[in-house]
Amino acid sequence: MIQKPRGTIDILPDKSALWLDIENRIRKVAKKYGFGEIRLPTFEVTELYNRGVGDTSDVVQKEMYTFTDNDNRSISLRPEGTAGVVRSIIENGLCSEAMPLSLYYLISCFRYEKPQAGRSREFYQFGVEMFGANSPTADAEVIMLASDIFSELGLNIRLEINSIGCPDCRPKYHAALKEYFASNIDDLCDTCKGRLEKNPLRILDCKSPVCSAIAKNAPHTIDYLCDDCKSHFDGLQNLLSKSGRDFTVNSRIVRGLDYYRKTVFEFISDDIGSQSTVCGGGRYDGLVQSLGGPALSGIGFAMGLTRLMMVLEAQNKLPELSDSMDLYIASLGEKAVSEAFKLSVALRNEGFKAQCDLVGRSLKAQMKYADKKSARFVLILGDSEIETRRCVLKNMSDSSQVEVSLDEIQSIINHIK
Ligand code: HAM
């Protein structure tokens, strides 16, 4: 038997209805904030991620699904959505539209990671990107959007924020980090030894237990912010406090992708084990320009939908969705089968969920099927019903029965609507 690749999931019909419901409720909140949907290619040229996500990140260094296509081009399955959105708005000339430009996406992403609960190799994200607004208000707006999504779903998820500075203040912070990590260099993993020169910030989110133990006592970004970054971060905290959104400042949050500047944030749930970050994001002013566009600021986030489902389950907030059928038309005999088919077509045209037997089952098996599919009503057609043009409509919830005319579809509708 061929099995699905490690780290992937099948979402079967009993669960996909739930996913669809959650996705639609998320979409509704995004629309309320004026975000429009963008759909993107599943793969891009690898250079986009090298330059966009950053070649010192774990995602690019170790986790990308990269292959050479028949034209000898290096292609990668998208490990995240931001770089693709930025490529698209530059390529499609959206950078000159009225700002802010606010986009959202629902996508699958691919990372070659060690699978565990809440971490897979193909995973699903809802993400937003807002371009052309560089005020703390824009940061607060994007964070409130994520927060409103959690509220809409009835979830309680804690918010942690930090600022990782800008190109003006980061060199000073990098120097402090380098000095700190250089004194522990022998214990660092090989990847982090390489990161020490290029981007010591990345050592802070290394997954190796030894590196993360060393990172615990490293200097904090927040102590090295320039005046502009500091007032931006203070402004954000003020706005969040005024809007009543609880948060904590966690100076250990640096995020795993290289494009971030100033504000970074994570929504974390303690209910789902070690992969507890349900949503992560931040500001990435400079990314649009570095990928060949104008100097346009950007901020966004992405939430992992599998982790979101895990929190919904853990916090007992999974919606109860009814997948029942309105009417099942059981039939026995050639004429009855064709009448049942005709009737089910007519009722579906009227907007009802109606089905008839398609596999020639016995009456008993048909009733069992109707019960399994939670049919609300059942009509039973046999030779005598075809002759008299009258039949019995059974209400499955209380077993009550009424007689209806096969030639007056409205009389059936009146009972089942
Ligand atoms: P990220 O932190 O890499 O950020 O991913 C965002 C979210 O995707 C995570 O918080 C997590 O819920 C989910 N996620 C990530 N990797 C996996 C995985 N292997 N399995 C399951 N879920 C996973 C980004 O992707 C940025 N592009 C977010 C962003 C948008 N920043 C600004 N704009």
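Taken together, the values in this text are just the output of simple stated rules run on the coordinates, not laboratory data. Treat the numbers as computed from the prediction; the structure is a model and nothing was measured. Glycine gets a Cβ as well: all are built from the backbone with ideal geometry, and neighbour counts include every protein chain shown.
Here the peptides 84-92, 141-149, 210-218 are ranked by packing, the mean other Cβ count within 10 Å, and the order with the highest first is 141-149, 84-92, 210-218.
Among 264, 280, 247, whose Cα lies farthest out toward the positive end of the dipole of region 245-342, if unit charges sit on the beta carbon of Lys, Arg (+1) and Asp, Glu (-1)? The Cα lying farthest towards the positive end belongs to 264. When the chain is treated as a Gaussian network with alpha carbon springs shorter than 10 Å, the biggest mean-square fluctuation among 355, 289, 275 belongs to 355.
Between region 97-129 and region 374-399, the alpha-carbon centres lie 49 Å apart.
Coordinate range of the alpha-carbon atoms in region 234-283 per principal axis, descending: 31, 28, 15 Å.
For the chain, the longest principal axis of the Cα atoms and the long axis of helix 334-349 meet at an angle of about 50 degrees. Relative to its residue count, region 371-417 spans a Cα convex hull of 75 Å³ per residue. The overall shape of the chain is prolate: from the C-alpha gyration tensor, with semi-axes ordered a ≥ b ≥ c, the ratio a/c is 1.5 or greater and a/b exceeds b/c. Under Stokes-Einstein, with the Kirkwood radius over Cα pairs as Rh, the value for region 123-278 at 4 °C and 1.567 mPa s is 77 µm²/s. Of the listed pairs 31/207; 342/394; 4/372; 207/230; 31/353, which have alpha-carbon separations greater than 25 Å here? With Cα atoms farther than 25 Å apart: 31/207; 4/372; 207/230; 31/353. Per the Kirkwood formula applied to alpha carbons, region 198-306 shows a radius of gyration over Rh ratio, Rg over Rh, of 0.97.
Residues considered: 348, 307, 119. Largest GNM mean-square fluctuation over the chain, using C-alpha springs under 10 Å, is found at 348.
A DSSP coil position with no more than 11 other Cβ atoms inside 10 Å describes the following trypsin sites (Lys or Arg not before Pro) in region 1-65: 6, 39. With a ≥ b ≥ c taken as the square roots of the eigenvalues of the C-alpha gyration tensor of region 327-416, please select rounded if a/c is under 1.5 and otherwise prolate if a/b is larger than b/c or oblate if it is not? Rounded shape, in that the Cα axes give a/c under 1.5.
Phi-derived couplings, Karplus 6.51 cos²θ - 1.76 cosθ + 1.60 at θ = phi - 60°, listed residue by residue for region 293-300: x, x, 6, 10, 6, x, 8, x Hz, with x used for Gly and Pro. Panel order for 174, 232, by other beta carbons found within 10 Å of each beta carbon, from fewest to most: 174, 232. Does region 87-152 come out rounded, prolate or oblate, given a ≥ b ≥ c as the square roots of the eigenvalues of its C-alpha gyration tensor, rounded meaning a/c under 1.5 and, failing that, prolate meaning a/b above b/c? It comes out oblate by the Cα gyration axes.
Amide H contacts under 5 Å for residue 65: 77, 112, restricted to partners 5 or more places along the chain or on a different chain, H placed in the peptide plane at 1.01 Å from N.
Against the chain, whose longest principal axis is taken from its Cα atoms, helix 136-152 shows a tilt of about 30°. Ordering 56, 85, 19 by the projection of their Cα atoms onto the charge dipole of region 1-108, which places +1 on the Cβ of Lys and Arg and -1 on the Cβ of Asp and Glu, puts 19 at the extreme positive end. The angle between the Cα long axis of helix 13-32 and the main principal axis of the chain comes to about 60°, on a 0 to 90 degree scale. For the chain, the dipole from Cβ point charges (+1 on Lys and Arg, -1 on Asp and Glu) about the Cα centre works out to 400 debye, to the nearest 20.
What the phi angles of region 189-202 give under the Karplus curve with 6.51, -1.76 and 1.60, with θ = phi - 60°, is a coupling list of 5, 4, 4, 6, 4, x, 6, 4, 7, 7, 7, x, 4, 5 Hz, glycine and proline written as x. Each label point was placed 7 Å from the Cα along the Cα-to-Cβ direction; for residue 17 and residue 152 their separation is 2.1 nm.
A straight Cα-to-Cα reach below 19 Å connects residue 335 with the lysines 364, residues fewer than 8 places away in its own chain not being considered. Counting Cα-Cα pairs of region 229-369 in 10 Å increments starting at 0 gives whole-percent bin shares of 9, 22, 17, 12, 12, 15, 10, 2. If you wrap the tightest convex hull around every Cα atom of region 196-244 and split its volume per residue, you get 120 Å³.
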